[in-house]
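J.: First, the structure itself, so that you have it in front of you.
The values are calculated or read from the model by the stated rules, or taken from the named source; none is laboratory data. Just so you know, these numbers come straight off a predicted model, no measurement behind them. Virtual Cβ from ideal backbone geometry, glycine too; neighbours counted across all protein chains shown. Note: areas computed on protein heavy atoms with side chains; ligands, DNA, RNA excluded. Shrake-Rupley method; radii C 1.70, N 1.55, O 1.52, S 1.80 Å.
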Amino acid sequence: MFHSTSKTMLDTIREAKLQSPFILFVGHTTEPPASRTYVCDSFHPLPDCTDQNGSTLFLSLVKSYVISSEHPTHVLCWERKTLRQLQPLEMQTPNLCVHDCLADFHGWINPDQRQNGFISTICKKLPANCKEINLVIDSLSNPFFTIGLGVCLQELQQIINSCIDNSPKINQLLCFVHGDMIPCGASSISHVKHLASTVVDLNNQIARITHRKPGGHVERKEEQFMLLSNGQFHTQPIVGTGKGMGSPNTTLPQDVASFRVSLSDKEKEDRNKLILPYMRTVDNPPEEGGGKVFYQPDAVDDWDDEDPDDDLDI
Amino acid sequence: MAALTSDGNITSFQKKGRNRIPYIQGTRQSVQNAQILVSSGAPSLDHVVGSGLPVGSILLIEEDAFGMFSKFILKYFLAEGIACEHPLFLASRDFQPNTFMKQLPVPIKVDSSISGHDLKSDDPMTIAWRYQNMRQVQSIPGSSNSGTHLGHNFDLTQFIPPEDLDTCDYTLWSEPEENDTPIGNFINPHYGLLLSKIQKRISEGQFRVQDEPSKQSILRLAIHSLGSPLWVGSSCDESLEEGVKKDLPKFLLYLRSLLRESYALAVVTVPSHLFRDPSIIKLCEYQSDMALRLESFAGSSYETNPVFKEYHGLLHIRKLGPVNTLATHVPESLDLAFKLRRRKFVIEKLHLPPELQESAQREQDDISPGKRSGLGCTSSPSSKLDF
């Protein structure tokens, strides 16, 4: 298969090789299939979010990302599952630092723990010599409610612009957000997406990626992902139907003709030697006076200079 | 409004009063309404809005989906200001104004000898020789216009040297300062803080109409992405749109009244694609003097459409308000498209590429009409006279 040679974008992100300051993953909860019937009418379980909305993929991606990236990665955890899976990994990987933001987010136990921003939360556990780090936030949905949407958006933008005082340089920012868990309704997700340079919409095992290159060019891709039992995932690009991509060049005459359409230089020269009628050349200057009209008046001709349309009321 | 009376009146009527403004660099007086015009930095954009931007007005730019081309328009606007030695004011909460200033392009040295004339010399026509001396058809509006030249062309690949930037007079705003007091009763105080900063700049720089500075100049205000997510106030979490809907038109109204009384003009970009409520952008258009909408093909299905392969996007004229006159400027065509070359931003009349395929179904039939302005020579599909 020729696809195996071209790397998918999700793989590029996983290997920490995508040049993008802010990658946002948006998880969408898919509705359970309509055909599914429940045995008991009174018991409607919520769809199993963890497997359907893409957070598992994000977690799996972060694990590979931490190992591949050359910079230390700090993970701000607002999800219980992420915390439980990443904390054992933290022991083995020196490049990973997990922050538990869920335990005491409002500072009820320890007033110092009260969160009022992302960077201020990291700074407490940051070694002094740290210069450049990656930041992973999983997920943004909780701080949007606890810290406030406006404040969060402003801090995210400041992180991208790297204009926060006494903070390390953030090399790359990876965030996950639940598309349906956001203040002011699901429509405000477009505000969050507006800040991101790369948006990955995860929906039903399909990732729709919109990547803004630094030059301004926008790349859109669709990739299918499959979670494997060992916690990894496999990706595969979805080949477009080809509509609109059809090359119009194939219909140019020189491409479809069975004979040679163009002329060589020698042939052009020969062609130019031929003098066609009505051609303006040195030997054949244009005649003076131009054309003349010879008219033999008829016997019944009304020959005067009167305007024949004089009687018309125009 | 700052109208200029000069000796070069075409009519026999002579206005009384002395000529208060001798000449301001980088400006021209409008023939229609005696308004001082400055260039937006892109000559073809000037032509579209009526040979220049009137001083004292607001040009509203509705951003394209990724905000790329609206940034270029701001860059041109500011770079033109530097080329004409106009003081600048740049406000943005989305990016660092400092870095943006460093990326401003430099003007291209005018070399008129190579433009247009070299096309004639090569390849003389032998058969269709009568067409040899025909005028070149210009699809770029305004390029055939003779007369006093306003505006420069800029090279986007070259950034302005830092030492040139140091000599410029510019003010940047991204964060409110401690001692500012907001004007107006805005939901998000940042709008009021920005206004107070602008007002201070106008009065300190003596740009008010009644001021008599030693050297008159024009203040160029560039406000980027007003009403973007970064303008969401920290307190208004209950509804994003409500705050913007109240604050944004009000801000433009305040700004407009400030500009009417001063030698200043503003280009304001708004991310209109983020507003779900269409009445927000309607209100903003109402409160500004001119409004243009950029529709970029980047990332859309138009990008691969062969009809639009020459262009980067469409330009929709939303409003050209009358300034100092009863009638508005009417552009030649409303079907406009833009393309960004390395050394030029060009707005052209939209024309279709030559048809090479001999198929019954033509490519341009795929595009649904009504997306674009209906003023072209396209007939609607429901019409009985569909040919």
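J.: Lys/Arg Cβ at +1, Asp/Glu Cβ at -1, dipole of segment A:105-192 taken about the Cα centre: which of A:PRO111, A:CYS175, A:LEU126 is farthest positive-ward?
T.: A:LEU126
J.: Could you give the size of the charge dipole of segment B:259-313 about its Cα centre, using +1 on the Cβ of each K and R and -1 on the Cβ of each D and E, expressed in debye and rounded to the nearest 20? Kindly include the intermediate steps, with their values, before the conclusion.
T.: Numbers: 5 positive and 7 negative charges, 17 e Å.
It works out to roughly 80 debye.
J.: Could you size up the charge dipole of segment A:78-168 around its Cα centre, putting +1 on the beta carbon of Lys and Arg and -1 on that of Asp and Glu, and report it in debye to the nearest 20? Please list the in-between numbers first.
T.: Details: 7 positive and 9 negative charges, 28 e Å.
It works out to roughly 140 debye.
J.: What is the local net charge at B:GLU63, summed over the other residues whose Cβ is closer than 15 Å to its Cβ (Lys, Arg +1; Asp, Glu -1)?
T.: Values: positive: A:LYS193, A:ARG212, B:LYS71, B:LYS75, B:ARG93, B:ARG293, B:ARG318; negative: B:GLU62, B:ASP64, B:ASP94, B:GLU285, B:GLU295.
My count for the surroundings of B:GLU63 gives +2.
J.: Tell me which of B:PHE207, B:LEU194, B:LEU258 sits at the most positive position along the dipole axis of segment B:190-311, charges placed on C-beta atoms (Lys, Arg +1; Asp, Glu -1).
T.: Checking the options against the dipole of segment B:190-311, the answer is B:PHE207.
J.: Something else: Taking amide hydrogens as modeled 1.01 Å from N in the peptide plane, which residues meet the under 5 Å criterion relative to A:ASN203, leaving out close sequence neighbours?
T.: It is A:ARG208, by chain and number.
J.: Label-point separation (nm) for A:ASP180 and B:GLN158, each offset 7 Å from Cα along Cα-to-Cβ?
T.: Each label point is offset 7 Å from its Cα along the Cβ direction, giving 5.7 nm.
J.: A further question on this structure: Say R0 is 25 Å: what FRET efficiency, to the nearest 0.05, do B:ILE127 and A:LYS292 get from their beta-carbon distance? Show your work: numbers first, answer last.
T.: On the way: r = 25 Å, r/R0 = 1.00.
Given R0 = 25 Å and the Cβ-Cβ separation, E is 0.50.
J.: Working with all protein chains in place, sort B:TRP129, A:TRP303, B:TRP231 by solvent-accessible area computed with a 1.4 Å probe, largest first.
T.: Working: B:TRP129 60, A:TRP303 190, B:TRP231 5 Å².
These residues rank, largest area first, as A:TRP303, B:TRP129, B:TRP231.
J.: In Å², nearest 100, what accessible area do chains B and A bury in total when the solvent probe is 1.4 Å? Could the numbers behind the result be given before it?
T.: Working: alone 21530 and 20900 Å², together 39640 Å².
Counting protein atoms only, the buried area is about 2800 Å².
J.: Could you check the spin-label model distance between A:ASP309 and B:LYS339? Points 7 Å from the Cα along Cα→Cβ, value in nm.
T.: Output for this residue pair reads 4.3 nm.
J.: Quick one: accessible surface of B:SER217, probe radius 1.4 Å, all protein chains present, in square angstrom to the nearest 10.
T.: Here the accessible area works out near 10 Å².
J.: In addition: Quick one: check the C-alpha center-to-center distance for segment A:299-314 versus segment B:293-352, whole angstrom.
T.: Using only Cα atoms to place each centre, the spacing works out to 52 Å.
J.: Quick query: amide H of B:ARG208 versus all other amide H atoms, modeled in the peptide plane; which residues come in under 5 Å with a sequence gap of 5 or more or a different chain?
T.: B:TYR263
J.: Please work out how much accessible surface A:GLU306 shows to a 1.4 Å probe, ignoring ligands, DNA and RNA, in Å² rounded to 10.
T.: Roughly 130 Å² of A:GLU306 is accessible to a 1.4 Å probe.
J.: Could you derive backbone 3J(HN,Hα) for segment A:224-237 from the dihedral phi with the Karplus parameters 6.51, -1.76 and 1.60 (θ = phi - 60°), listing whole Hz in sequence and x where the residue is Gly or Pro?
T.: With the stated coefficients, segment A:224-237 comes to 9, 10, 9, 7, 9, 6, 8, x, 8, 9, 10, 10, 7, x Hz.
J.: Charges at C-beta only: +1 for Lys and Arg, -1 for Asp and Glu. How large is the resulting dipole of segment A:119-202 about its Cα centre, in Debye rounded to 20?
T.: Values: 5 positive and 6 negative charges, 51 e Å.
Charge dipole of segment A:119-202: 240 debye, to the nearest 20.
J.: Would you grab the residues whose amide H sits under 5 Å from the one on B:GLY41? Only those 5+ places off in sequence or on another chain, please, with H modelled 1.01 Å from N.
T.: For B:GLY41, the qualifying residues are B:HIS152.
J.: Top to bottom by accessible area (1.4 Å), largest first, where do B:TYR263, B:TYR170, B:TYR286 land? Please list the in-between numbers first.
T.: Details: B:TYR263 5, B:TYR170 70, B:TYR286 160 Å².
The most accessible residue leads, giving B:TYR286, B:TYR170, B:TYR263.
J.: Show which lysines lie in cross-link reach of A:LYS124 when reach means a straight Cα distance below 19 angstrom and same-chain residues fewer than eight apart are skipped.
T.: A:LYS169
J.: For segment A:88-97, in order, what is each residue's ³J(HN,Hα) by Karplus, 6.51 cos²θ - 1.76 cosθ + 1.60 with θ = phi - 60°, in whole Hz (x at glycine and Pro)?
T.: Going residue by residue, I get x, 5, 5, 5, 7, 10, x, 7, 10, 9 Hz, with x marking Gly and Pro.
J.: How far apart, in nanometres, would the label points at A:CYS123 and B:ASN179 be if each is projected 7 angstrom from Cα along the Cα-to-Cβ direction?
T.: Output for this residue pair reads 2.6 nm.
J.: Kindly flag which residue pairs out of B:LYS102/B:LYS245; B:LYS71/B:LYS339; B:LYS71/B:LYS250 have an alpha-carbon separation exceeding 21 Å in this structure. Spell out each step's value before the answer.
T.: Values: B:LYS102/B:LYS245 33 Å; B:LYS71/B:LYS339 14 Å; B:LYS71/B:LYS250 23 Å.
Check vs 21 Å cut-off fails for B:LYS102/B:LYS245; B:LYS71/B:LYS250.
J.: Leaving out ligands, DNA and RNA, and with a 1.4 Å probe, what % of the accessible surface on segment A:48-149 is carbon or sulfur? Mind dumping the intermediate values first?
T.: Working: 2480 of 4700 Å².
The nonpolar share, carbon plus sulfur, comes to 53 percent.
J.: In the full protein assembly as shown, how much of A:HIS217 is accessible to a 1.4 Å probe, in Å² to the nearest 10?
T.: Around 100 Å² of this residue is reachable by solvent.
J.: Rounded if a/c is under 1.5, else prolate if a/b is larger than b/c, else oblate: which is segment B:253-364, with a ≥ b ≥ c the root eigenvalues of its Cα gyration tensor? Could you put the intermediate results ahead of the total?
T.: Details: a/c = 2.42, a/b = 2.02, b/c = 1.20.
It is prolate, given that a/c is not under 1.5 and a/b is the larger ratio.
J.: In whole Hz and in residue order, list the ³J(HN,Hα) couplings for segment B:272-286 that follow from phi through the Karplus curve 6.51 cos²θ - 1.76 cosθ + 1.60, θ = phi - 60°; x for Gly and Pro.
T.: 5, 5, 8, 8, 6, 7, x, 6, 4, 6, 4, 5, 5, 4, 5
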